[in-house]
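Encoded as structure tokens, the structure appears first; notes follow it.
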Amino acid sequence: MNKPMEACQVQKPGMACRQVAAVIRDYLIAHPSAADSDQGIADWWLAGSGLQVSLDDVRQALELLASRQIVEKQMLADGRLIYRAAHRSGRPPH
């Protein structure tokens, strides 16, 4: 009997997490200046992917990408958290 698909874990991500993370990564490759909240990413970036994912799935995929330094988190002045492509040039983000 097969186990149900595991939740995305940073140490051992499940298939769903890897799929969501791949779509987010591909979106950032195509739109390197993009930045949005987890809800915005779920609503807009993943809209055409055909994946059926929950907001929790998106958050877990973002944590995986952050742990691999593919995305970075930024806290806005109003307390909202957004995600964007990690800056690898050594320059601080603007």
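Structure data summary
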{"read-out": "Enumeration of residues in the range 29-54 that are aliphatic (A, V, I, L, M), surrounded by 15 or more Cβ atoms within 10 Å (Cβ to Cβ) and not in a loop (DSSP other than H, G, I, E, B)", "value": "A35, I41, A42"}
{"read-out": "Odd one out for V20, checked against (1) modelled with pLDDT under 95; (2) β-branched (V, I, T); (3) not in a loop (DSSP other than H, G, I, E, B)", "value": "(1)"}
{"read-out": "Considering residues of the range 19-28 that are within 10 Å of the chain's Cα centre (by Cα) and over 12 Å from A85 (Cβ atoms) only, the residue surrounded by the most Cβ atoms within 10 Å (Cβ to Cβ)", "value": "V20"}
{"read-out": "Output for the range 55-71, where each listed residue is part of a helix (DSSP H, G or I) and over 8 Å from the mean Cα position of the chain (by Cα)", "value": "L55, D56, D57, S67"}
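The values are calculated or read from the model by the stated rules, or taken from the named source; none is laboratory data. Quick caveat: nothing in here was measured; it's all calculated off a predicted structure. Note that we place each Cβ from the backbone using ideal geometry, even for glycine, and neighbour counts take in every protein chain shown.
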